[in-house]
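J.: Mind looking over this structure? Questions follow.
Every number here is computed from the coordinates shown, using simple stated rules; none is lab data. Everything numeric here is computed off the predicted structure, so don't read it as measured data. Cβ coordinates were reconstructed from backbone atoms using ideal geometry, including for glycine residues, and neighbour counts include every protein chain displayed.
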Ligand SMILES: Cc1ncc(C[n+]2csc(CCOP(=O)(O)OP(=O)(O)O)c2C)c(N)n1
């Protein structure tokens, strides 16, 4: 397998605590959503990324506003990290007018151009050629902005994935392909959909480096991403980072995941990215009992406020349903 240069990085205590805050906030956001689905309060499809938070935090931490991300159904946390307020994101999941798409989509297909978030469609893998196209635009505009494209190992078996990587490799485009390998594509285990062990190996076919890393280690993800971003900004082309991880819940909140064992789930829960990072930060004395309490209180307050805001926000009006579908004013 190709290797990438080890990148040195130094994070200040404040930055480490900020990373910790994001891990906790993204976990809490998804956990609350899961409860709201069970209570029948959120009716849109909810695909939590509980257990996978280190990938989002390690890749999105410190991105510029101008850099683009192309998130998927399980990456709501990346919207938060890119600057979408928790209130707005929660409204989006409730289908309220205060959400990103003002209640006009199934909650998972919105983007925010001003924040560098490209809305995804349901077709798996289809965000990847778009990511390559965005990266080509950056190249043509002469900027050193970068695109981060997220996808699952299941999506890496689609034609779009291979076309996107080929195009990005040929043109040495500034894009980082981040595979969230959570071991299952819905109910299909990875060994039944791939004849190789590592998605990362596929990058070699397209002439750029790929690495497989522990996706539950936020600093490992951050380190690999920093290396890939530096390559991309310097005009050296794409990188594929495969983050090995596991999703704790079913594919979506309506999937009971009978296709896996309790033992397997327990094993992966023992690799929970949050306690691992907590122990590390406590060892460094960056995290104290006091600031841990303060961060947990801030997270709870943010989520409570977001839910309260979304619940009391108005529903969309039927006569607004087709507004904003076309540029310019609609015909009278
Ligand atoms: C092209 C395409 N095929 C099938 C589906 C149905 N589908 C939606 S999510 C999913 C599983 C996705 O697995 P993966 O890409 O590994 O991402 P994960 O959900 O595990 O994060 C499938 C098969 C789809 N949306 N698009």
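J.: Using only the Cα atoms of the stretch 37-108, build the gyration tensor, take square roots of its eigenvalues as a ≥ b ≥ c, and label the shape rounded, prolate or oblate: rounded if a/c is under 1.5, else prolate if a/b is larger than b/c, else oblate.
T.: oblate
J.: Express the relative contact order of the stretch 13-322 as a whole percentage, based on alpha carbon pairs under 8 Å and six or more residues apart in sequence.
T.: Working: 565 pairs, mean separation 73.9, N = 310.
Relative contact order for the stretch 13-322 comes out at 24 percent.
J.: Among 308, 263, 31, determine the one that fluctuates most according to a GNM of the chain built with springs between C-alpha atoms less than 10 Å apart.
T.: 263
J.: Continuing with the same structure: Taking the alpha-carbon centroid of each part, what is the distance from the stretch 176-245 to the stretch 3-67 in angstrom?
T.: Result: 17 Å between the Cα centres.
J.: If you don't mind, there's one more thing I want to ask. Rank the residues 108, 136 as a footprinting-exposure proxy: fewest other Cβ atoms within 10 Å of their Cβ go first.
T.: Numbers: 108 22, 136 17.
So the ranking, lowest neighbour count to highest, is 136, 108.
J.: Report the residue, chosen from 224, 270, 106, that carries the largest GNM mean-square fluctuation when the chain is represented by alpha-carbon nodes joined by springs under 10 Å.
T.: Of 224, 270, 106, the Gaussian network model singles out 270 as fluctuating most.
J.: Calculate the spin-label point distance for residue 163 paired with residue 234, positioning each point 7 Å from the Cα along the beta-carbon direction, and give it in nanometres.
T.: Reported label-point gap for residue 234 and residue 163 is 3.2 nm.
J.: Quick check on the exposure proxy: order 323, 285 from fewest to most C-beta atoms within 10 angstrom.
T.: Working: 323 12, 285 8.
Going from least to most buried by this count: 285, 323.
J.: To the nearest 0.05, what FRET efficiency results for residue 265 and residue 115 with a Förster distance of 30 Å applied to their C-beta separation?
T.: Here the calculated transfer efficiency is 0.30.
J.: Is the stretch 265-313 best put as rounded, prolate or oblate by its Cα gyration tensor, with a ≥ b ≥ c the root eigenvalues, rounded for a/c under 1.5, and otherwise prolate when a/b is larger than b/c, oblate when not? Could you put the intermediate results ahead of the total?
T.: On the way: a/c = 4.99, a/b = 1.52, b/c = 3.28.
Oblate, because a/c is 1.5 or more while a/b does not exceed b/c.
J.: Classify the chain: rounded, prolate or oblate, from the alpha-carbon gyration tensor (a ≥ b ≥ c, eigenvalue square roots; a/c under 1.5 rounded; otherwise prolate if a/b is larger than b/c)?
T.: rounded
J.: Just for the stretch 13-322, what percent of DSSP beta bridges are antiparallel, to the closest 5?
T.: 10
J.: Going by how many other beta carbons lie within 10 Å of each one, how would you line up 201, 262, 75, fewest first? The partial results should precede the final answer.
T.: On the way: 201 16, 262 7, 75 27.
Final ranking by Cβ density, sparse to dense: 262, 201, 75.
J.: When the chain is fully extended, how far beyond the present Cα-Cα distance does residue 186 get from residue 301, taking 0.36 nm per residue of separation? Intermediate results must be reported in sequence, preceding the final value.
T.: On the way: separation 115, 0.36 × 115 = 41.40 nm, distance 3.29 nm.
In short, 38.1 nm is gained.
J.: How much FRET efficiency would the formula 1/(1 + (r/R0)^6) give for residue 290 and residue 312, where r is the Cβ-Cβ distance and R0 is 41 Å, rounded to 0.05?
T.: On the way: r = 33 Å, r/R0 = 0.81.
Approximately 0.80, to the nearest 0.05.
J.: Based on the Cβ-Cβ distance from residue 201 to residue 252, what FRET efficiency comes out when R0 is 30 Å, to the nearest 0.05?
T.: 0.55
J.: Another question, then. Suppose a student asked you for the relative contact order of the stretch 105-150, using Cα pairs under 8 Å spaced at least 6 residues apart; what percent would you report?
T.: Contact order relative to length: 23 percent.
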